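Inspection log for the structure reproduced underneath, given as structure tokens.
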Amino acid sequence: MAQEIVVLLFVIYRLISTVGLTVGPTELLQLSKNGGAQFSLDSSDIAKASVDFGGLSSQVEPMAVMRPSSASDVVSLVRSAYHSAQGFPVSARGHGHSINGQASAPGGVVIDMSHSPATNPASRSRSVPVYSPTLGGHYVDVWGGELWIDVLNWTLEYGGLAPKSWTDYLYLSVGGTLSNAGISGQAFHHGPQISNVYELDVVTGKGEVVTCSEKENQELFYGVLGGLGQFGVITRARIALEHAPKRVRWIRVLYSDFASFTRDQEHLISLHGSDKFDYIEGFVITDESLINNWRSSFFSPRNPIKLSSLSSHGKVLYCLEVTKNYDDATAGTVDQEVEALLKELKFIPGTMFTTDLSYIDFLDRVHKAELKLRSKGLWEVPHPWLNLFVPASKIRNFDRGVFKGILDNRTSGPVLIYPMNKHKWDQRSSVVTPDEDVFYLVAFLRSAVPDSTEQSQTLEYLTQQNERILEFCASSGIEIKQYLPHYKTQPEWAQHFGRKWARFIQRKSEFDPKSILAVGQRIFEPMGSHSSLVPFRASS
């Protein structure tokens, strides 16, 4: 305990000297002594909190890292920041999977949300799934820093249940994806993850813990969902569950004609009832290695797809990826159901490939690819990702200008493309999407290879290519919206949020008036006044 007190006193001294903290040291000591939070100034902890998955630039270091033992520790920290003379930045960090330093807290404190008794897989202090007659379904309450893979394993163990909506990668925190949206191939049917949460506990920028839902404190509830961490730290989320299937029939088919590819995708997401696929995604193929290695060992090494055999179809191909869930009771009919859904599609004959696997193996498919990349030293490299929502009416223009133009048959990573239904997104949330009934996610998930001799794999080249894509959209009148957005100036953020900008500012003023939270998003500049909000200035 004596050593912890010495460390915490040093944290207090650094904060006082940096931001003019007026809260007494005795009060701050209670954060560790009474609440059980651990503060770290260890160089390795600081370094870890100063980088993220993007790896695009060196970020300003936080003063300290806090590992909370409960939500009350988060409350105490944020409350201390709020009541200090100027305020100091506080940022919640889950798995550190942001791209542009969004979870950083320069000169402040990063809350390592991955450290909590609730996140220990061996812990039995977690809440078990509950059935609610009022809601008409099951739910589970989880810690905001918990990883989705751990939520899945827990709910499968207790009742054979699973969340309804997913991201492709499960090693992300619940609070992190809910602060953005959380999307995957189930979003066309269930909506994003933010459409599948019933209730939240949120620590606002004033240090107040508030329970919110569709009916209670709804302004905070919808503000936090997709709110980029600007209005509070999610400490508890009540997630909607469904009975998990046992098996998945996983199918891929190839297209050379983009119009047919998108027409079939939009047809499939328009189907209702049980006569539809359970997951719909797609990706662009310009490199033979991508289809045989992308995200899984889907295709057998003994029977790889050779693009050379499809050369007559053009340089760019498109892959439609779908699944049909089944269990013991429906195993006998899955073949007929899949055949009926595929028979009207216009893919290239002879390019249908299928595999069957367990539901959890399908959901966790990207992790297998991660392990392979880690073994080759190709995981912890810069990731200049660009994620866009593109209106369906402009997707063919996008194809001509980007897939067949700017990419120039070089992708340096997967390029996803799949449609979603706007009516599955609650417009009261902070997320912005194109003003059309159907829009596409186009995700450029590229990796820059250190010391590569290929110019197209360098960070500089890929970053410039992202800029070219954005410039093309602007000049062509394609009104895209960035997913996982990154801007540097107020006009850019105002344009991004559009009609939601005024409400976004209002919510910020109400729930984080000193702009303490999530300053790494670079939307509002931290300040000491309660009376106004200051946008981040452009970098020099």
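The values are calculated or read from the model by the stated rules, or taken from the named source; none is laboratory data. Source: prediction; values computed, not measured. Don't worry about glycine lacking a Cβ; one is built from the backbone with ideal geometry, like all the others, and counts go over all protein chains shown. Heads up: the accessible areas ignore ligands, DNA and RNA and are worked out on the full protein's heavy atoms, side chains in. Shrake-Rupley method; radii C 1.70, N 1.55, O 1.52, S 1.80 Å.
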Positive dipole terminus of the stretch 432-472, leading residue within V449, N466, P434 (C-beta point charges): V449
Amide hydrogen neighbours beyond the local backbone of Y279, cut-off 5 Å, H modeled: T323
Among the listed pairs K343/K422; K206/K481; K346/K424; K488/K508, those beyond 22 Å (Cα-Cα): K343/K422; K206/K481; K346/K424
The stretch 176-191-the stretch 360-393 distance, computed between alpha-carbon centres (Å): 16 Å
³J(HN,Hα) computed for each position of the stretch 417-423 - Karplus, 6.51 cos²θ - 1.76 cosθ + 1.60, integer Hz, glycine/proline x: 8, 7, x, 9, 8, 4, 5
Cα-based equivalent ellipsoid of the stretch 103-233: semi-axis lengths in Å, sorted from largest, via gyration tensor: 22, 18, 16
Loop-located chymotrypsin sites (Phe, Trp or Tyr not before Pro) in the stretch 124-179, at most 16 other Cβ atoms within 10 Å (DSSP): Y158, Y171
Part-to-part distance (alpha-carbon centres) for the stretch 216-247 and the stretch 137-169, which is given in Å: 13 Å
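Out of the stretch 319-407, which trypsin sites (Lys or Arg not before Pro) are coil in DSSP terms and have no more than 10 other C-beta atoms within 10 Å? Don't skip to the end; give the middle numbers.
Values: sites: K324, K343, K346, R365, K368, K372, R374, K376, K394, R396, R400, K404; in loops: K343, K346, K376.
Taking the stretch 319-407 and a limit of 10 other Cβ atoms within 10 Å, the loop trypsin sites (Lys or Arg not before Pro) found are K343, K376.
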Accessible carbon and sulfur surface of the stretch 474-523 relative to its total accessible area, %, 1.4 Å: 49 percent
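Quick check: at a probe of 1.4 Å, how many percent of the accessible area of the stretch 136-260 sits on carbon and sulfur atoms?
Working: 1430 of 3250 Å².
The nonpolar share, carbon plus sulfur, comes to 44 percent.
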